[in-house]
Amino acid sequence: MSTTAFDGAGVSPPSTARTTNDLIRRQNLSAVLSLLHSEGTLSRTQLGTSTRLNRSTITGLVAELIELGLVRELPAGAPTGRVGRPTLDLQPDDRVAALSVRVEPQAVTVALVGLGGTVHARLRHDTSRPPTPRRFVQIAASSVEAMRADMDRHYRVIGAGLAVPGLVNANGSVLVAPTLGWRRDPVAARLSDELGMPVTAGNDASIGALAESRFGVARGARNLLYLGGALHSIGGGLIIDGTLLRGTSGYAGELGHTVIDPRGRRCVCGRKGCLEAEVSLGLLEPLLGRRKLDEDELDVELGVVRDPAVLREVARQVDVLSTALTNFVNAFSPETVVLSGYLGVLLSVSRERLAEAVRVHPLGAEGRTIRLERAHLRSRLMLVGPAELAFAALLADPAGVR
Ligand SMILES: [Zn+2]
């Protein structure tokens, strides 16, 4: 656990001292609030250790965050909910909240998430077919309406974040979301108009990477490769040097369309043999004779299955995934690789094979081990993840958001 903070002593020329001091103060507020947001509960001493700021600076910053209504003190001796830790006394104020919205081909999920990642409420609306953008906005708005009374009474909602399984640009417009059948739609603006609050949209795998690096198995990782598998698609999210990789248009990380076998199966993108066309729960379900298995059911199913056809197909997909992982690890040099959804299930049934894939290094770099983990947040991932988009501005400048 470490973060960037500035002490400020002796760095400001007199003429710009005031603006520089103000800038440093705001950066430090951001560092302290971000730590509390991802860690949950910390003492002033722990904050000082993590930020390398002195005690009086921490006291002043905490007082300002309390004044802003973003942090609260726990009464001494209050239970912290963590085993084996001493009693701690500061928490992000989870009454400051964001709406988290996720759209999938078969469902629209809305959650109310507090600062610190507390899920206060959630509503899932199943759909019989992928919703159009217009229909999606209607469903999301009616879910928010159902939460409205509670929201207005107890929470300060600062905005909404939206996760889309597709390419989303910096303005929140979807370029293409194949599994939803969406093309060129300003979906964040539509939803913002309907809800009357700012909406930030992003690609679901990038959001997964962000959430796992903040609250999950890759907490604190500066270089993370995240791959999430849905029924018919694979999304990638990359955090490089602590920053989500976006690329020129904001579409970086489309690792599901890495061509693994040019003579392979036809992909929705038009090419052949993309990773997501070759490694897919959609190919396995007919062999299992079951559909719409969730992650937990799939764990059980693949744990006990003895059908040779199923085992062959799982082994084939694991081989393909291994090849892709070796390529990605060589290209991006992550410290941690996180697999989620269907790919997390494959990791559980073939850990050795996949661990081997990330261990191999063509130039024999020694002493470097890459952690290969299954996503921890599971069903919480896509509830807390989209809210992170809405919290981003607040965390970057706590004093600037009223
Ligand atoms: Zn493709």
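Remark: region 283-377 carries a charge dipole of roughly 200 debye about the Cα centre, counting +1 on each Lys and Arg Cβ and -1 on each Asp and Glu Cβ. Using helices alone, I'd like the mean residue ellipticity at 222 nm for the chain: each DSSP H run of four-plus residues gives -39500 (n - 2.57), total over residue count, nearest 500. About -13000 deg cm²/dmol. For the chain, the pair-distance distribution built from all alpha carbon pairs, in bins 10 Å wide starting at 0, is 5, 21, 29, 25, 15, 5, 1, 0 percent.
Using C-alpha pairs below 8 Å separated by at least 6 residues, the relative contact order for region 99-225 is 21 percent. Rounded to the nearest 20 debye, the dipole size of the chain about its Cα centre is 340 debye, using +1 on the Cβ of Lys and Arg and -1 on the Cβ of Asp and Glu.
Residue order for D294, D397, fewest other beta carbons within 10 angstrom first, comes to D294, D397.
Take every Cα pair under 8 Å whose residues are at least 6 apart in sequence, average their separation, divide by the length of the chain, and the relative contact order is 16 percent. Among M382, M151, sorting on how many other beta-carbon atoms sit within 10 Å of each Cβ, with the fewest leading, yields M151, M382.
Rounded to the nearest 0.05, the FRET efficiency derived from the C-beta distance between E73 and T45 at R0 = 22 Å is 0.95. In region 219-376, Cα pairs under 8 Å separated by at least six residues give a relative contact order of 25 percent. Assuming charge only on the beta carbon of Lys and Arg (+1) and of Asp and Glu (-1), the dipole of region 219-376 about its Cα centre is about 360 debye to the nearest 20. Residues of region 265-283 with amide nitrogen under 19 Å from the 7 Å Cα-to-Cβ point of R312? Under cut-off, by backbone N: 265, 278-283. For R290, the shell of other residues with beta-carbons less than 13 Å away shows a net charge of -3, using +1 for Lys and Arg and -1 for Asp and Glu.
The distance between label points at N54 and L23 comes to 2.3 nm (points 7 Å beyond Cα on the Cα→Cβ vector). Shape class for region 219-376: prolate, because the ratio a/c of the largest to smallest gyration tensor axis (alpha-carbon atoms, square roots of eigenvalues) is 1.5 or more and a/b beats b/c. Applying the criteria of a DSSP loop state and at most 16 other Cβ atoms within 10 Å to the chymotrypsin sites (Phe, Trp or Tyr not before Pro) of region 190-273 yields Y251. In a GNM of the chain with a 10 Å cut-off on Cα contacts, which of P178, P186, P308 has the highest mean-square fluctuation? Answer for the Gaussian network model of the chain: P308. This ranking places E67, E373, E39, E356 by how few other beta-carbon atoms lie within 10 Å of each, fewest first, which gives E67, E356, E373, E39. Measuring from centroid to centroid over Cα atoms, what is the spacing of region 224-263 and region 145-176 in Å? So the separation of the two Cα centres works out to 23 Å. Among residues other than T323 with Cβ under 13 Å from its Cβ, the summed charge is -2 (Lys and Arg +1, Asp and Glu -1). Near P386: Cβ cut-off under 13 Å, other residues only, Lys/Arg at +1 and Asp/Glu at -1. The net charge is +1.
Every read-out reported here was derived from the displayed coordinates using simple, explicitly stated rules and does not represent laboratory data. It should be emphasised that the depicted structure is a prediction, and the values quoted were computed from it without experimental measurement. Cβ coordinates were reconstructed from backbone atoms using ideal geometry, including for glycine residues, and neighbour counts include every protein chain displayed.
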